[in-house]
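Peer 1: After the structure tokens below, expect a handful of questions from me.
The values are calculated or read from the model by the stated rules, or taken from the named source; none is laboratory data. Given the structure is predicted, the values throughout are model-derived calculations rather than measurements. Heads up, the Cβs are rebuilt from the backbone with ideal geometry, glycines too, and the neighbour counts pull from every protein chain shown.
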Amino acid sequence: MLDFPTWRKVWLWLITGLACMAALPSLLSMTSVRWPDALPDPMVNLGLDLAGGSHILLEADSSQVATQRLENMEENVRGIMRQAEPRIRIGDVSTRGGRLSFILDDPSEIDRARELMLPSMNGAGLVREWDLAVEDGNRMILTPTAEGIDQAVSDAMESATEVVRKRIDALGTREPTIIRQGDTRIVVQVPGLQDPEQLKALLGQTAKLEFKLVDQSALPSDVAQGLAPPGSEIFPYAETSAYAGNSLAVRRLGGIRGDNLTGAQQSFDPQTNEPVVNIQFDTDGGRRFAKLTTENVGKPFAIILDGKALSAPNINEPIRGGTAQISGGFSVETANQLAISLRSGALPVDLAVIEERTVGPDLGADSIRKGMFAMGIGSMLVVLLMIASYGRFGIYATVALVINVFMILGIMAAMGTTLTLPGIAGFVLTIGAAVDANVLINERIREERKRGRRVVAAVETGYKEASRAIYDANVTNFIAGVLLFLFGSGPVRGFAVVLIIGLFTSVFTAVTLTRMWVAGWLRKARPSDLNL
């Protein structure tokens, strides 16, 4: 009990001091005293309910998922039939009515074509995604199943949620809340962001990048009227383009999507000095891009972003190396936003802002004030009760309680976690529960003294026996906190964070530190009795 070597004391005080020091920048930020710039300044981030910020509700257009699936299946079917040995020729391809139909030139190839398409119909999971029917002996019809569409929408929303998270993280904001709501909605809360316009512009950009060959057979008069030759489609030029107000016809299939991008950076064109975006493809994308440009030297290809053509330069020579440059009348800000969007990936569906509100910091400041008041009152009552009940041991418990609060703040600051309004409630709860360990220890010491044990033996037995119950209780609380963190969201997770950190610091301060202090006092004073 009395055996606390110097190295252990130094180690315990070092841990305590570092954790408490990490809390100082956050505490001083609420006063007029400035933390020295030369020193590290870990801060506790405040949640939306405390610091204010932006709340945006996004809704996806799920009909785009079905349209994209039809287009992907058409391209897949064409590729399967073209690569078959011998080749299966098809014609009269149609996607009207939300289903894909085509005619086989040779009706005797029906069975072989069906076998080739079976892997694509079932997809990667157990859900049957497509139904196949044959009409008139040579027309094959692929119809998406309801289960397949539901699965595709769910997958698209999961992907969209992850893309939104990457884009917001690129803004440098801390601890945003991004969760799905229902089947087609995403809630975005960004603490500290009072102007949501930049956020809306970033999230409203689908960043669907495509490279498609220009259909040079299209007549300008037809394009102006929105009429495209068979197998092509019309895209308007972007407003930032030099050809804004005009349109162009591009081949619908056979281009390259931006799914294979590995990087995108805002830069400047060395010749014109205008802002551009440099992109890099992965190995597969670089190979396909090199193949496209090699086979079409001298022909124009369109760079299309979110359904609008940025430019349509000629392919003067094969572009190898997996890099390309996108220009389109960008400003530095819009080029940087596009680079962020491309790096984080394209949204699989368009997201529209259907609800927007800005939360001011006044409510948070009032909550902090009342939370600190509640914490102060609770601490004062606990301190008075502990000192009145246990004397010197109550003082040790009180000092441990103060250090416990500092350590919680310091660890939260070091980890970069976020403090929410329920987190303040967790603080108040921690203050009340933190002294439970000392109550158990002190009561057990009283019992041992009543049984006739000597002072040192009673203290040693009290700490040893009470520690078992303390550890068991905190393990169950830790499991509950972990479950709250894993399955909760937003405020619930904020409460769980404070709870989990508080469990570790409470045991450390209430058991380990107080034991060290009591051991030092017993070794020095050698009391004959305890005032418990």
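Peer 1: Among the residues that make up region 99-113, is at least one of them of a type in the set (S, T, Y), in contact with a strand residue (DSSP E or B) (Cβ under 6 Å, 6 or more places away or on another chain), farther than 30 Å from R180 by Cα and at pLDDT 85 or above?
Peer 2: Scanning region 99-113 turns up at least one residue that is of a type in the set (S, T, Y), in contact with a strand residue (DSSP E or B) (Cβ under 6 Å, 6 or more places away or on another chain), farther than 30 Å from R180 by Cα and at pLDDT 85 or above.
Peer 1: Quick check on this structure: which one of G481, G462, G452, G488 is free of Cβ contacts under 8 Å to residues at least 40 places away in the same chain and on the phi > 0 side of the Ramachandran plot?
Peer 2: On the way: G481 fails: on the phi > 0 side of the Ramachandran plot; G462 fails: on the phi > 0 side of the Ramachandran plot; G488 fails: on the phi > 0 side of the Ramachandran plot.
Being free of Cβ contacts under 8 Å to residues at least 40 places away in the same chain and on the phi > 0 side of the Ramachandran plot holds for just one of G481, G462, G452, G488, which is G452.
This table checks each residue for (1) in contact with a helix residue (DSSP H, G or I) (Cβ under 8 Å, 6 or more places away or on another chain); (2) farther than 23 Å from L342 by Cα; (3) assigned to a loop (DSSP other than H, G, I, E, B); (4) not assigned by TED's automatic domain parsing to the domain that holds S94.
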| site | (1), (2), (3), (4) |
| --- | --- |
| D222 | no, yes, no, yes |
| G226 | no, yes, yes, yes |
| P230 | no, yes, yes, yes |
| E233 | no, yes, no, yes |
| D284 | yes, no, no, yes |
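Peer 1: Spot the failing condition for I179; the list is (1) of a type outside the set (S, T, N, Q); (2) modelled with pLDDT of 85 or more; (3) over 28 Å from S120 (Cβ atoms), and only one is missed.
Peer 2: Among (1) of a type outside the set (S, T, N, Q); (2) modelled with pLDDT of 85 or more; (3) over 28 Å from S120 (Cβ atoms), I179 violates only (2).
Peer 1: For region 465-478, enumerate the residues that are touching a helix residue (DSSP H, G or I) at 6+ places or on another chain (Cβ under 9 Å) and either on the phi > 0 side of the Ramachandran plot or not hydrophobic (A, V, I, L, M, F, W, C) (or both).
Peer 2: If the condition is that a residue be touching a helix residue (DSSP H, G or I) at 6+ places or on another chain (Cβ under 9 Å) and either on the phi > 0 side of the Ramachandran plot or not hydrophobic (A, V, I, L, M, F, W, C) (or both), then E465, S467, Y471, N474, N477 are the ones that fit.
Peer 1: If you check every pair at least six apart or on different chains, which have Cβ atoms under 9 Å apart with a residue in region 505-526 that is closer than 24 Å to A473 by Cα and not assigned by TED's automatic domain parsing to the domain that holds I411 first and a residue that is crowded, with 16+ Cβ neighbours inside 10 Å and among the aliphatic types (A, V, I, L, M) second?
Peer 2: Every condition considered, no pair remains.
This table checks each residue for (1) in contact with a helix residue (DSSP H, G or I) (Cβ under 8 Å, 6 or more places away or on another chain); (2) within 21 Å of R252 (Cα to Cα); (3) surrounded by 13 or more Cβ atoms within 10 Å (Cβ to Cβ).
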{"site": "E59", "(1), (2), (3)": "no, no, yes"}
{"site": "V65", "(1), (2), (3)": "yes, yes, yes"}
{"site": "N76", "(1), (2), (3)": "yes, yes, yes"}
{"site": "R82", "(1), (2), (3)": "no, yes, no"}
{"site": "R87", "(1), (2), (3)": "yes, no, no"}
{"site": "S94", "(1), (2), (3)": "no, yes, yes"}
{"site": "G97", "(1), (2), (3)": "no, yes, no"}
{"site": "S101", "(1), (2), (3)": "no, yes, yes"}
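Residues are listed down the side, and each one gets a yes or a no for (1) polar (S, T, N, Q); (2) closer than 30 Å to D366 by Cβ; (3) surrounded by fewer than 22 Cβ atoms within 10 Å (Cβ to Cβ):
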residue	(1), (2), (3)
G391	no, no, yes
A425	no, yes, yes
K450	no, no, yes
R468	no, no, yes
N474	yes, no, yes
